[in-house]
1. P(r) for the chain: what percent of alpha-carbon pairs falls in each 20 Å bin, starting at zero?
2. Report in % the part of the accessible area of the chain that belongs to carbon and sulfur, leaving out ligands and nucleic acids; probe 1.4 Å.
3. Could you work out the relative contact order of the chain, using alpha carbon pairs under 8 angstrom and six or more residues apart, expressed as a whole percent?
4. Give me, ordered by chain and number, the residues 5 or more places off Ile116 or on other chains with an amide H under 5 Å from its own placed amide H.
5. Sorted by average packing, counted as other Cβ atoms within 10 angstrom per residue and highest first, what order do 213-224, 310-321 take?
6. At 1.4 Å probe radius, can you tell me the per residue accessible area of the chain in Å²?
7. Can you order the peptides 225-232, 68-75 by their average number of other Cβ atoms within 10 Å per residue, highest first?
8. For the range 121-138, in order, what is each residue's ³J(HN,Hα) by Karplus, 6.51 cos²θ - 1.76 cosθ + 1.60 with θ = phi - 60°, in whole Hz (x at glycine and Pro)?
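The values are calculated or read from the model by the stated rules, or taken from the named source; none is laboratory data. From a predicted model like this one, the values you see are computed outputs, not experimental measurements. Cβ placement follows ideal geometry from the backbone for every residue including glycine, while neighbour counts extend to all protein chains displayed. Accessible surface areas use protein heavy atoms only, side chains included; no ligands, DNA or RNA. Shrake-Rupley method; radii C 1.70, N 1.55, O 1.52, S 1.80 Å.
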Amino acid sequence: MQRLPNPHLPALGSPAGDDAECMDLALALAALGAGTTDPNPMVGAVVVRNGRIVGMGFHERPGTPHAEVHALEAAGPLAQGATLYVNLEPCAHYGRTPPCTQAIIAAGIRRVVAAIEDPDPRVSGRGFAALRAAGIDVTVGVRAEAARRLNELFLKHASTGRPFVLLKSATSLDGRIATATGASRWITGPEARALVHKLRARYPAIMIGSGTALADDPELTARTDPPAPRQPLRVVVDSRARLPVTARMLRAPGATLVATTEAAPPERRKALEKAGAEVLVLPQRADGRVDLVALMEELGRRGITGVLLEGGASLNGAMLDSGLVDKVMFFIAPMIIGGQGAPAAIGGTGAATLADAWRLVDVSWEACGADLLVSGYIPPREAPAAAGDAQRRRLAQCLRVL
């Protein structure tokens, strides 16, 4: 039987609540796989019979049994005639593991309650159809919004082929990310920095620009307690391959990818590869910088479901201008830096009018130590004119899912 590491979870045999409460438990189980399931989604499952919890499980990592299988194994013969709660549509295809729908049908489950449909084209409605064809009652939509938020990285990637991008920034009250002399450590307090390391442990990749790499020489690792199960891929957007071979990140645990262009001197590219970095040559924009859309497409092809953007003003602005940011988290410290030369959090072209500004939705505010954390989502805009029909169709599906 699968070991459930959270001691606060109910024991098998405990009374079960209504559909919403049982789905909340499935979501809590799913969250146990945070940081280990990529590129797969986080999924939890609960089996209930006669008002009692008889089985629970969650998906731990790719290639291992899915949540439904773990929960059914825990329930054993008690699964016959029971209800299965799961936060994502059960798969109906052969991947690294057999279809979960087969296991559900074979176990004799009478009813399946799911939060949302899986947008993966290999699943997308087929799982529900297979269950209904077997005579199983299927209910969809319980705690749907919470399920979408939990798996927002997977849903964006499965719908569009691109990673979900979270722009994180730490600023003063006057919107500065450093002083005019470049000093930036530390604007926010220890609580905010600890939360950022948890975000790094959750996201498959962290991205910065060459300016930040040169100014701060960061390691870009997730330093958490207990230790993170994996280190994120470090992505440096560096159109001229300026990252020094002595950079700390090249000696830190995990991998570093330098995204550059043909304009980067070949000897610099070779030196970075010799120092342990992967150098990815991408098309360049009209301004000579890395084509960020091409970079996101490539990361998506590699199975990177999410990118934590920790860039400076230039990269942050370029990502926003390109329509590639899905969510923002701003840690605002109760200090004023001032100075005309002090850099702001966002550069780029920006909005010409206030009507063109990026207005967040689903905004939340919370204290993080002495700092204020403001979070929200950027509604997707129309796909760029250069995008192909396939990309526009994927984006349209993403708009429906998210």
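1. The calculated distribution, bin by bin, is 26, 52, 21, 1.
2. 54
3. Values: 877 pairs, mean separation 60.4, N = 402.
Reported as a whole number, the value is 15 percent.
4. Here Leu88, Glu89, Gly141 satisfy the definition.
5. Working: 213-224: 18.2, 310-321: 22.2.
The most tightly packed comes first, giving 310-321, 213-224.
6. Details: 18020 Å² over 402 residues.
Accessible area per residue: 45 Å².
7. Sorting 225-232, 68-75 by mean packing, highest first, produces 68-75, 225-232.
8. Rounded to whole hertz, the list is x, 6, 10, 3, x, 5, x, 4, 4, 5, 5, 5, 5, 8, x, 8, 6, 10.
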